[in-house]
Amino acid sequence: MQTKRANKYGFCFGVKRAIKLAEQNKNATTIGPLIHNQKEIDRLKVDFGVNVETNIGAIEGDSSVIIRTHGIPKNDLKELKNRNVNIIDATCPFVTKPQKICEEMSKEGYEIIIFGDENHPEVKGVVSYCTSPCQVVLEKEQIKNIHTHSKITLISQTTKNVSKFLEIANYLIENCYEVRIFNTICNATFENQESVKILAQEADIIIVVGGKQSSNTKQLLNIALQYCKDSYCIEDEKELQKEWFSGKKLCGITAGASTPNWIIDNVENIIKEF
Ligand code: SF4
């Protein structure tokens, strides 16, 4: 059996930047895990003393705090600034963009619709910048109280699926007076999704390597499953099961934006042994 990696996979620009900042700021604290990959978080803790703290209230005044790629709610940021914490902002610019759009379009009187998971930290952060009514939806059927005279701004969580976003955009265009659509799905996500779509059409089995909590990893798996029913998501090589590969000729490999190369290499090496 052969293995083949997707054209684009793994670490994105935002995650690379966040890890570099963590490595440059030894003993800093991150608000929540820096990225969705526990093994990389563990490495940063062991090699660079980077701690994780989820409770903003527990952060001491003179500490250095790294804001993770997903960003944090506006009030939390304000609280940290008020306490004179040394802030190292690793919020990905692709996340800052929807935050700014929400702030500006709210001021202009647009109702905001966000295509995303309401419990995802990135979405919670983005919502905090809306000062006009805001809805977070995953399906067009969830959109409530839209009137034909409504002025709507639509944005997306950065790691969401493009075709689903277009479905929601089309629905709004058909039903509202004015719709402003901002494509806030990040390039890295888009490229990784397009690459796995192509790979899944030629492979007999697809392995997606990534954190179980990672939104972009879940999207990669969903896309892979559309074209290759034998697609599996694993966090590391220990989760591989030999029987998955029985009778298969080509194994495609991709990885979420928070998956370091050393984990992907370990996975590929074990698959080759099979
Ligand atoms: S997946 Fe996109 S939005 Fe998220 S950190 Fe990477 S580049 Fe930024």
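For segment 219-243, which residues satisfy the criterion of being more than 16 Å from the ligand (Cβ to nearest atom) and open to solvent by less than 40 Å² (accessible area, probe 1.4 Å)?
Ala224, Cys228, Asp230, Ser231, Cys233, Ile234, Asp236, Leu240
Look through segment 31-62, keep the residues that are free of Cβ contacts under 8 Å to residues at least 60 places away in the same chain and open to solvent by less than 30 Å² (accessible area, probe 1.4 Å), and return whichever of them is nearest to the ligand (Cβ to nearest atom).
Leu34
Please go through segment 148-192 and give me each residue that is away from the ligand (no atom under 16 Å from the Cβ), farther than 27 Å from Ala224 by Cβ, of a type outside the set (Val, Ile, Thr) and in contact (Cβ under 8 Å) with a residue 24 or more places away in the chain, ordered by number.
Matches in segment 148-192: His149, Ser150, Lys151, Leu172, Asn175, Cys176, Tyr177, Glu178, Arg180.
Trp262: open to solvent by 10 Å² or more (accessible area, probe 1.4 Å), at pLDDT below 95 and over 19 Å from the mean Cα position of the chain (by Cα), yes or no? Steps first, answer last, please.
Working: open to solvent by 10 Å² or more (accessible area, probe 1.4 Å): yes; at pLDDT below 95: yes; over 19 Å from the mean Cα position of the chain (by Cα): yes.
Here the answer is yes, as Trp262 does meet what is asked.
Mind telling me which of the residues Gly71, Gly109 ends up being over 17 Å from Asn175 (Cα atoms) and in contact with an Asp or Glu (Cβ under 9 Å, 6 or more places away or on another chain)? Full working, then the answer.
Details: Gly109 fails: in contact with an Asp or Glu (Cβ under 9 Å, 6 or more places away or on another chain).
Selected residue: Gly71, the only one of Gly71, Gly109 that is over 17 Å from Asn175 (Cα atoms) and in contact with an Asp or Glu (Cβ under 9 Å, 6 or more places away or on another chain).
Working carefully through the options Ser195, Ser132, find the one that is touching a residue at least 24 places away in the same chain (Cβ under 8 Å), surrounded by 15 or more Cβ atoms within 10 Å (Cβ to Cβ) and more than 20 Å from Gly256 (Cβ to Cβ).
None of the other options fit; the residue is Ser132.
Where in segment 200-264 are there strands (runs of 3 or more DSSP E), lying fully within it, with 2 or more residues that are under 14 Å from Asn37 (Cα atoms) and in contact (Cβ under 8 Å) with a residue 12 or more places away in the chain?
205-209, 231-234
The values are calculated or read from the model by the stated rules, or taken from the named source; none is laboratory data. Quick caveat, the model's predicted, so the values are computed rather than measured. Positions of Cβ are generated from backbone atoms using ideal geometry, with glycine treated the same way; all protein chains shown enter the neighbour counts. For the accessible areas, the whole protein counts, side chains as well, though only heavy atoms, and no ligand, DNA or RNA atoms are used. Shrake-Rupley method; radii C 1.70, N 1.55, O 1.52, S 1.80 Å.
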